[in-house]
1. So, counting K/R as plus one and D/E as minus one, what does the shell of residues with Cβ under 14 Å around Arg35 add up to?
2. If exposed means no more than 14 neighbouring beta carbons inside 10 Å and the site is in a DSSP loop, what's the longest run of the chain without any exposed trypsin sites (Lys or Arg not before Pro)?
3. Which residues make up the longest stretch of the chain that has no GluC sites (Glu not before Pro) in a DSSP loop with at most 12 other Cβ atoms within 10 Å?
4. Let me see the pair-distance distribution of the chain: every alpha carbon pair, 10 Å bin width, integer percents in order.
Amino acid sequence: MSEKVIAIILAGGKSSRMGQDKAMLRVDGAHLLLRVYQVAVACADNVYVVTPWQERYEDLLPVGCQFIREARYEGDDVKQVETHGPLIGFAQALAEVNVDPEWVLLLACDLPNLEVEVLQGWIEGLENSRAEAIAVLAKHEKGWEPLCGFYRKSCLLGLNKYISEGGRSFQQWLDQNTVDILPDCSTDMFFNCNTPEDLRRRLL
Ligand SMILES: Nc1nc2c(ncn2[C@@H]2O[C@H](COP(=O)(O)OP(=O)(O)OP(=O)(O)O)[C@@H](O)[C@H]2O)c(=O)[nH]1
């Protein structure tokens, strides 16, 4: 029997390179965050959206969507909100999630090319991963693809230790641990929209 997963979607970035909230961009008629959410629902028993600004997305996502409200720092000027970055957003979400499956599908909100069938195939393969692997991810020449892949919930202990020692890099944390590699990493599912140029390319 194949593994079950929960999904966590990260939707709390500054989108500074895009110049507007990436989660709200429309691709093929639907907001990016909604597209990612729908894919996650097709793959996972429970889906959580972790964000410091839940109110922005409440009308966008179906009623009953499970939000995890991430703590944020605010200066006097509300526009100067400081986010913590994806690693801390992930750790905060993992700490909140208390449901059963041991595997978490982690997704960024800016992935316009996700394919349910590919993700489901990967989920089926999770049962073959090594017991000591904290994650199963794609790996490319430049490193891991941390924001479209699978983590064991038990990685939280080590992740919190890494963060408490000042670590903020997915790549560095993953390199310190055992990680299995996903089969067929050549898919363009990992393409993410960081800049207006990325978006233009995707919409062509
Ligand atoms: N919950 C949460 N998600 C984050 C945070 N920072 C980034 N993300 C998400 O992580 C994914 C990748 O984000 P990046 O593109 O690296 O960063 P970004 O801040 O969104 O964009 P830039 O400002 O252009 O770097 C996106 O889904 C972001 O929404 C954060 O502090 N909290």
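What follows is calculated from the coordinates using simple rules that are stated; it is not laboratory data. Since the model is a prediction, treat every value here as computed from it, not as a measurement. Heads up, the Cβs are rebuilt from the backbone with ideal geometry, glycines too, and the neighbour counts pull from every protein chain shown.
1. 0
2. Longest gap between qualifying sites, sites excluded: 73-129.
3. Values: sites that count: Glu58, Glu74, Glu115, Glu132, Glu141, Glu165.
Between the exposed loop sites, the longest stretch runs 1-57.
4. 8, 36, 39, 15, 1, 0
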